[in-house]
Amino acid sequence: MPDPIRPTDSTESSAPHEHELHALHRLAMVGTLAGGLGHDLRNIVMPVLLRLDVLGASPTIPPAARADIDAIRQSMLHLQRLAGGLRLLSSDPRERSEIQYTRLGPWWDEVCPLVVDALPANTVLEQDVDASLPDVAVPPSALAQVIMNLAMNASRAMQEVARPAFRVTAHQAGAQVRIDVSDNGVGMDAETRERCFEPFFTTRPREQSTGLGLSTGRALLKSSNGDLLVDTQNVAGATFVMVLPIHRSAPPVEGAGSRTVRFLVRDPRQLAVLRLVARQRGLRERSDGGPPPPDFIIGDALALAQLRDAPGPGGVIGASTQLIAVGSPDRTPGVLTDTPWVDARDLSSIGDLLR
Amino acid sequence: MLATCRRSGTFSDEGQRTVKTVSGASAAETAGSFTVMCIDDNELLIDALERRLEIETGFAAFYRVDDFRRAAEAAQERKPSVVLLDIDLPGGVDAMAILDELVARTPESRVVILTAFPGGALVSRAMSAGAWGFVSKGVASDRLIDAIRLVVRGEAVIELED
């Protein structure tokens, strides 16, 4: 998608030059600003939503004003999504605290306004990102950064196009989801297609481009066992394909086939965190103790010990059911010698056991 | 009256709001009403939140904290049902340290963490440290109000955007 106007000299060193470092520095600043802007937007939007609640609750509001309130609320919710998209753009997907899978429908809702803003004003956007697609095992921030880079490249490639068009379509292909991203811009010549994923390769003046967008995007997706490909068959414009592995716990069909978990944890705060982590890994909670046995039972050490010694009506443990205890380093290992356990003071580590 | 804490709310008689905590139940559960203290530097949010809570059944009083470094002291004085604590406080104030102090000094007040940009590890850290709730400022306003009500009832809540 970079303009095929000024191919880089193939003899040029791939080491960054001073102007490239300057551009990187500028990018880092823009990233920080984007994060700050998203943060501030949220701090403004929430008070407005709260005030709209108060206005809407008044019994004396005339119908026309109520319609205005609803319209303002919709605008605010759009801003809120925009703030979420800015957060995704400014986050580091490699951070351990980042959620490592993406629900594509809500992700696209957040990112789409940013993509639209990046494209020329008269661009026709064709989109098909169905909410029923399975979750993918790639952080949402990585996906956001890749598609924003593709949108910005497309924007430049379509500058001279009378009727610019940008297309984002996602579909499942076996154990992957593929997102095709295409534009009707000037396209790429053979050499550009060949080299576009090389670090620091750019077809634009050095002071305008780092040449790192596509190579970084491909590296981000590859680090999640995905890939970023260029469609070499595409003649008019350019098409890139984001290849994304399906999240391991994601059910093939909505609500069916997903792995299950049962909780035997008394502390409501611990339970809330455990439910969050389990949900983020696509596990479905079982509240009953009947058959079939769940894939995981996570519980207080004593509760698990009692359940294991006397299964009865308290719950069913199957041959493949994995027990995980929640406890403390000074007591739990003594209660359950052969059961993996997590420290109640750092429950985020339980994600590593839910594989 | 603490210099660090300003009160506003629907009751003028402070005696009406003083309810003794019994057997682990919060004061609010016992009385059927609840009070909220907000530790945040965003005046727009604080004012709007107070107005919004005023139309909630059972809401009794709202406290705002001017001096974050004395927030735990203010909470100990007022014993609010729920303390909303912004994790991103200005001036190098460590909100997690405030959380620790609140949990130690006012266990009957349940802390709900507010943040504009939630992170997975932060949720776990805060809840493990004793917070009862963790709410992103990116959720719809009714989810924030619902979270406060659920925490008052003794349920732990994590509300992040989908």
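Once divided by 2.2 N^0.38 Å, the Cα radius of gyration of segment B:31-120 becomes 1.04. Every Cα-Cα pair of segment A:18-245 was included, and the share exceeding 31 Å stands at 27 percent.
Cβ-to-Cβ counts within 10 Å put A:Met46, B:Met96 in ascending order as B:Met96, A:Met46, the fewest first. What does the C-alpha gyration tensor say about the overall shape of segment B:39-88? Classify as rounded when a/c is under 1.5, otherwise prolate if a/b is larger than b/c, or oblate. Note, shape of segment B:39-88 comes out oblate.
Inter-chain neighbour count for A:265-272: the average number of beta-carbon atoms from partner chains within 10 Å of each residue's beta-carbon is 5. In terms of its alpha-carbon gyration tensor, segment B:82-134 comes out oblate; a/c meets the 1.5 threshold, while b/c is at least as large as a/b.
Peptide packing: for A:170-181, A:49-60, A:142-153, the average count of neighbouring Cβ atoms within 10 Å per residue gives the ranking A:142-153, A:170-181, A:49-60, highest mean first. How would you classify segment A:260-353 from its alpha-carbon gyration tensor, with a ≥ b ≥ c the square roots of the eigenvalues: rounded for a/c under 1.5, else prolate if a/b is greater than b/c, otherwise oblate? Because a/c hits 1.5 or more and a/b fails to exceed b/c, segment A:260-353 counts as oblate. Phi angles across segment B:148-160 convert, under the Karplus curve 6.51 cos²θ - 1.76 cosθ + 1.60 with θ = phi - 60°, into 3J(HN,Hα) values of 4, 5, 5, 5, 4, 6, x, 9, 8, 9, 10, 10, 10 Hz, Gly and Pro given as x.
Here, each number is a calculation from the coordinates, and none is a lab measurement. All of these numbers come straight from a predicted model, not from anything done at the bench. Every residue, glycine as well, gets a Cβ built from its backbone with ideal geometry; the counts of neighbours run over all protein chains shown.
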